[in-house]
Amino acid sequence: MKSVGIDGISIWSGKLSLDLENVFAPSVGEDPEKYTKGLGLHACSFPDVREDIVTMGANAAYRLMKSEGVEPRDIGRIDVATESSFDSSKPISTYISGCLEQVFGEEFRNVNKGERKFACIAGTQCIDDAHNWILSGRNEGKSALVIATDTALYERGNPGEATQGAGAVAMLIAEDPSIVELSLKQGYSSVDETDFLKPNRQFPSVDGKRSVQVYLSLMRDALTNFEERSKKMDIEEFQFVPFHVPFPGMVRKAASLGYRHMTRGTSIEEELEKVIGPKPEVEEFSEYEMYTESIRGYMKLLEKTEIYQKWYKRVIEPTIEISGKAGNWYTGSVHLARTSGLIYAAREKLDLVGKKILVGSYGSGAQAEIHTETIRDGWDEKVKKIDIHDQLESRRQLSFEEYEQIHDVHNYSKETSLKELTDYKNEFAFKGYGKMGEHTYEFI
């Protein structure tokens, strides 16, 4: 059986930054801790005037191909995941390949291109597609380019406004990978839901409370499904557990529920019982509401234990480090989380070869997927090439007035004449509209 997985990663963040604590919160009359402690967010990235999902995706892909020494002839398919597309027919992958052809001087003519849509889980689905394509032998030795690119924009005044973000993650899926090898089995949970959707409009309709409930429910169900298809897992075998990150505070909830699920019937549960008592069981209560209230109290106690805190700091905290500074990247969020953990590990010089990662992807509407990945020899050298922290530090800081103007620039229903706020160098940029209304791009 072929070994297939992620052989290279490159990230492109929107070039602008909104400080939630010192700029956004005071301007909207909110307590900064609502964002910093409640949501776990300190800043979010935004695209400049000439940036969009195409430029961010193309810039990430270009840097990846240059870094890995990959030419267009080495690529057999390009899959783009986005829920921010501006065209209902022409896929973003064609726009991105057109950009890349400008700099490589070679066409992607005989390459299969597509666009995946299933809210935030589409990036993982693209990886699954590429994985299956290579395993089938149809790749004939070629690799796949998977790009997750999004601008998470909400209407002004929407409760989700503070969780906005923009960026792209490009990944090279190949045989004998040098970063992680993908597992052959996945666990799924999928239902017809309306927790978050965009019915023929740019800005989403969001039922925030319901979305949290569905996220947690489907993650747990997908984990159970994965265990049924593979085996009962030892929570201590995973170096990192990256989740989809709409905001880091959401991951805190998912992590504790996952921890409780995976420690049932183990020595860890026995140790926890000595500290906080036994876990409540539904049959012990005459009313279900009493049971759920008791479970909530138990979970708060669990999260405060030294046993859990030690695990959380090692396994979860490194995966949300970047998201706390970048915001929600929709289809790229879980892949940003994986990369965040690996960057942390490289910085700390951890020996991870052969260690496992448990990945939890989620997309509203709704579906969750659980799979494992094995870290490969050479991962650290590949990860050291990723300069996302430098990008985040170099972003131009927006005033609140500038944020309002940038929001209007990227609102499809408005027309503005704002000029770009940053310089463009060795990157793709939006050029204007063609005769049929298509977007056009140039390399600067």
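Relative contact order, percent, of the chain when contacts are C-alpha pairs under 8 Å separated by at least 6 residues? Numbers along the way, then the final one.
On the way: 906 pairs, mean separation 113.2, N = 444.
Answer for the chain is 25 percent.
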For this session: Quick one: which residues, 5+ away or cross-chain, put their amide H under 5 Å from the amide H of residue 113? H built at 1.01 Å from N.
Result: 78
Exercise. What angle do you read, to the nearest 10 degrees and between 0 and 90, between the alpha-carbon axis of helix 92-104 and the longest principal axis of the chain?
Worked result: 60
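Label region 139-295 by shape, choosing from rounded, prolate and oblate, from the square roots a ≥ b ≥ c of the eigenvalues of the Cα gyration tensor; if a/c is under 1.5 it is rounded, and otherwise prolate applies when a/b is larger than b/c, oblate when it is not.
In terms of gyration-tensor shape, oblate.
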Exercise. Once the convex hull of the C-alpha atoms of region 350-440 is built, how many Å³ does it hold per residue, rounded to a whole number?
Worked result: 231
For this session: Please work out the C-alpha center-to-center distance from region 170-235 to region 289-368 and express it in whole Å.
Result: 14
Seminar exercise, completed: At q = 0.24 Å⁻¹, the log10 of I(q)/I(0) for region 309-405 from a Debye sum over equal Cα scatterers comes to -1.39
Problem set entry | ³J(HN,Hα), Karplus 6.51/-1.76/1.60, whole Hz, each residue of region 136-146, x for Gly, Pro | 6, x, 5, 6, 6, x, 8, 9, 10, 9, 10
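Regarding region 402-444, what is the average projected area of its C-alpha convex hull, in nm²?
3.6
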Exercise. What are the residues whose amide H is under 5 Å from the amide H of residue 83, where those residues sit 5 or more places off or on another chain and H is modelled from the backbone?
Worked result: 331
Problem set entry | Mean shadow area of region 155-199 over all directions, Cα convex hull, nm² | 6.3
For this session: Could you go through region 425-436 in sequence order and give the Karplus-derived ³J(HN,Hα) for each residue, using 6.51 cos²θ - 1.76 cosθ + 1.60 with θ = phi - 60°, rounded to whole Hz, and x for Gly and Pro?
Result: 8, 6, 7, 8, 9, 5, 9, x, 9, x, 5, 9
For this session: Could you tell me which of 318, 238, 64 has its Cα farthest along the dipole of the chain towards the positive end, charges placed at Cβ (Lys, Arg +1; Asp, Glu -1), taken about the Cα centre?
Result: 64
Exercise. Applying the Karplus parametrisation 6.51 cos²θ - 1.76 cosθ + 1.60 with θ = phi - 60° to the phi angles of region 346-361, what ³J(HN,Hα) value in whole Hz is obtained for each residue in order, glycine and proline being reported as x?
Worked result: 5, 5, 8, 6, 7, 8, 10, 4, x, 6, 10, 10, 10, 9, x, 9
Seminar exercise, completed: Cα-Cα pairs in the chain separated by more than 38 Å, as a whole percent of all pairs, come to 20
Problem set entry | Two-site FRET efficiency, residue 294 against residue 209, from Cβ-Cβ distance with R₀ of 22 Å, rounded to 0.05 | 0.60
For this session: Enumerate the residues in region 153-191 having an amide nitrogen under 17 Å from the point lying 7 Å beyond the Cα of residue 135 toward its Cβ.
Result: 173-177, 180-189
Problem set entry | Residues of type lysines that residue 435 reaches as a straight line, Cα spacing below 25 Å, ignoring anything fewer than 8 places off in the same chain | 90, 113, 414, 419
Seminar exercise, completed: Given all pairs of distinct Cα atoms, region 94-169 yields a Kirkwood Rh in Å of 14.9
Problem set entry | Cα-Cα P(r), region 1-128, percent of pairs per 10 Å interval | 11, 33, 31, 17, 8, 1
Problem set entry | Amide H contacts of residue 150 (H built 1.01 Å from N, under 5 Å, at least 5 apart or other chain) | 167
Problem set entry | Flagged links, alpha-carbon separation over 29 Å, of 37/279; 355/425; 355/385; 231/385; 117/355; 198/300 | 355/425; 231/385; 117/355; 198/300
Exercise. So what's the gap between the Cα centers of region 371-411 and region 93-149, to the nearest angstrom?
Worked result: 21
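None of the figures in this text is laboratory data; all of them are computed from the coordinates on show. In this text, all values refer to a predicted model and were calculated from it rather than measured experimentally. All Cβ positions, glycine included, derive from the backbone under ideal geometry; neighbour counts span all protein chains shown.
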